[in-house]
Each structure stands twice: as structure tokens, then as C-alpha cells.
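This report concerns only the one structure given below.
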Amino acid sequence: MKINDKNLAAFATSQSQVDKAGYLMKKGDGSKNFAKRWFVLKGNLLFYFEKKTDKEPLGVIILEGSTVELAESEMEEHFCFKIVFPSKAYIVGAESHQVMEQWMKALACASYDYVKLMAAELQRQLNELCQAETAEEVKSASKFV
Amino acid sequence: MKFNEKDLVQIAHGTAQYEGRLEHKAPPSFRDPGFRERYFKLIGNLLFYFRFTEWGTVETKEPAGVLVLENYSVQPEYEETDVSFSFSILFLDEPDKKHVFCCRTDSDVQKWVNALQKASYQHWKEKLSSMQNHIEALREARKSPFLFHSERWRTPRPNPFSLSPMPSPPLAPRRVHSSSNLTSTPTPPLLPAPPVPPRPRRNPTPTSSQNNLAKTNEVVDDLIQF
């Protein structure tokens, strides 16, 4: 499948808002070895670079349809979690429990559907507030009749 | 660049926000420079395209490709002289390399442009942010009339029979609703991503009493003028 990777690479390194960034240990696709990678989360796209200063990501994980779970610690002194897809799971290790928790939270909220649901919820709240305001105005105005 | 291709194939089989047949002309650097008919499916910020078989059916097994829609702009296209009813997508890192798409009717162009303009994740994040600000502002505005209302019974009320116009009545105090303050980021559980967003934590906004007092005084002053 083709993908517009040049545009993606530019997006990954652009000035646009980063939701979360940091070093994590990533387990190799075929091997059992972990490698240190610089991860950058922008929206529902999780890019990973060999190092922080690289201009081009090694890869991107499109987070739609994934879930985030704790994983058995496969690395000493690291706290592991996994990003689970129907086809495979990416196993990642953080250097502290706190960092692991922060990443898991960020990734759990990262899907496109989630942000759209949040927007729908806020819209509902906004409508409620506006309707209530109109109702109150009508009520107060009627007092002076 | 590596990407999770198998998972994308799965996503591509899902329900699209918008889909249809379009003629697509990729930017000149791509291998196929001319127009190719493809079947497009817009799912979130992913624009998948499928090939047609020689019998004219869509090859649904796997998309031929995907355009990830971030950092782009979409607009109806009027410069293509040999085709009518078209629109283009350009990515901001390569603004001179346009993807041109052709439709059958002008209404199709409008529908595609509308759908594509709202497709990026960034778009929804910005919308979320502006709504949060709006809700915050409405809730703040609510609080001061409440304070004013209690003050009202102590200041002399304006004469209803005077000729000067009545100020618009203040909003009656609204019971502070238990629904939460959404400026705080929701904290989902550490387990699988929730399909429905969890009810955000109730977190009352710290109100600046100085601010409210100033606002109350302002409103009282206005009333005294009458």
C-alpha cells in the first residue's frame, strides 16, 4: 500500500503542536531486542525516530483501532506497556512508572473517534448552556410584564 | 518509512464519512502522471483509494494507497482548463505539488471539499479547544449575575414608572450544575481506550473573587445610573 510518507515526515518534524514526546524503548518487529527510540505523538499518529534530532522518522504507528494495555516487564528496570492492534502489538518500555502512565493516558485519548466524541459531548453541553440561558431570559423578562 | 499497513487495511474496510468514485491526478513526481479512476473512502483523517478491476468493479481486498490528511489544504479547482468539476489537495510541505480530483457534478465537488476540510485531527482539536473556551466563558458570566442578584435586594430598585428605559433584567442565578469542568483533560482508565469518553472529573474552576466583585460593582453602577 502506498502512503504519502514525505508529507508525513514533514508533518512529524513541523512546528505543529506535539501532544507528547520522549524516549522509550521499543521492541524490534522480528527480534526480542529493545532499541531506544524518540517518540513523537501528534494526534492519532505516533512517530518514532532513531534520535531526537533526526529529520525523518523511522516509522509511524497510526493509532486508530488500537488499545493500550500494561505488559509484562520484558526489560530490567523498565516499565512496559503495549499498543495492541488486531494484527500485532507494539511493546514499549518506559524508564519509570510515572512516564509509563503518562504515555498510556496520552495514547488512550489519541484516537480520532475519541476526539470527535469529546467534541460532540462539548457541543451538547454548549447547547444546554445556551438553551438554559435563553429560558432564563424569557423567564426574567416575563416578570416585568 | 515503516507503518502499520495491515491495520490500515482493516480500517479501510470500515464505514467511511464520505466515499465515491473520482478521477485522480497525482503530482508529477509520482509514477503515474495522468488521471486515474479510483474509488476513494474518507475515514477519519485517512483518505484511502482503491483500484478498479478490468471488469469495472472495485478491488476491495486492499487499498492501493492512503493519503494521511494532516498539514494540508483542500479547495475547489478552477485552473484545470481541460476538466470541469474538480478540486485539489495540497500538502503544505510541498505547496506546488497538487493532487487533483475530478467529479461528475459541481455538487459532488462541494460535498467532497466540505468533508475533506473537516477531516484532519488538528481541525477537531481546534474545535474542541474553542468550545472549551466558550463553555468556560459562559460559566464565568453565569457566576457574576448570581452575586449581583443577592446585592439587588439591598440597593434601591429603579422606579418602574419612570420614563427612562429599564436595563435588561439580570439572569436569575443558575444552580451550579454538577456536570464537570471540561477545561481539565479527561483522565481515561489505563485499560483499553474507552469507546465512549469517560465523564471527566468534577473540578470546580477556581473563581477569582476579585474579578467577580469588580463585575458585580460594574453592573450595580449601571443600574444606579437609571
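Each Cα pair under 8 Å and six or more residues apart adds its separation to the average, and for chain A the resulting relative contact order is 16 percent.
Once the convex hull of all Cα atoms in chain A is built, its volume per residue stands at 173 Å³.
Sites listed here are trypsin sites (Lys or Arg not before Pro) in the stretch A:18-51 whose DSSP assignment is loop and whose Cβ has at most 12 other Cβ atoms within 10 Å: A:K32, A:K51. The alpha carbon centroids of the stretch A:43-107 and the stretch B:90-119 are separated by 33 Å.
Ordering B:T60, B:T15, A:T67 from the fewest to the most neighbouring beta carbons within 10 Å gives B:T15, B:T60, A:T67.
Summary value for the stretch A:26-107: 19 percent relative contact order, contacts being C-alpha pairs under 8 angstrom separated by 6+ residues. Among the chymotrypsin sites (Phe, Trp or Tyr not before Pro) in the stretch A:62-145, those placed in a DSSP loop whose Cβ has at most 15 other Cβ atoms within 10 Å are A:F144.
Taking the fewest neighbouring Cβ atoms within 10 Å as the starting point, the ordered list for B:H24, B:H134 is B:H134, B:H24.
Short to long, the 5 Å bins of the Cα pair-distance histogram for the stretch B:5-119 hold 2, 12, 22, 26, 23, 12, 3, 1 percent of all pairs. Nearest 10 degrees is fine. How inclined is helix A:97-108 to the longest principal axis of chain A, computing both from alpha carbons? Compared with the principal axis, the helix lies near 60 degrees.
Mean sequence separation of contacting Cα pairs (under 8 Å, at least six apart), scaled by the length of the stretch B:5-119, corresponds to a relative contact order of 22 percent.
Fewest-first ordering of B:D96, A:D54 by other beta carbons within 10 Å of each residue's beta carbon gives B:D96, A:D54.
Every number here is computed from the coordinates shown, using simple stated rules; none is lab data. Being a predicted model, the structure only gives us computed values, none of them experimental. Virtual Cβ from ideal backbone geometry, glycine too; neighbours counted across all protein chains shown.
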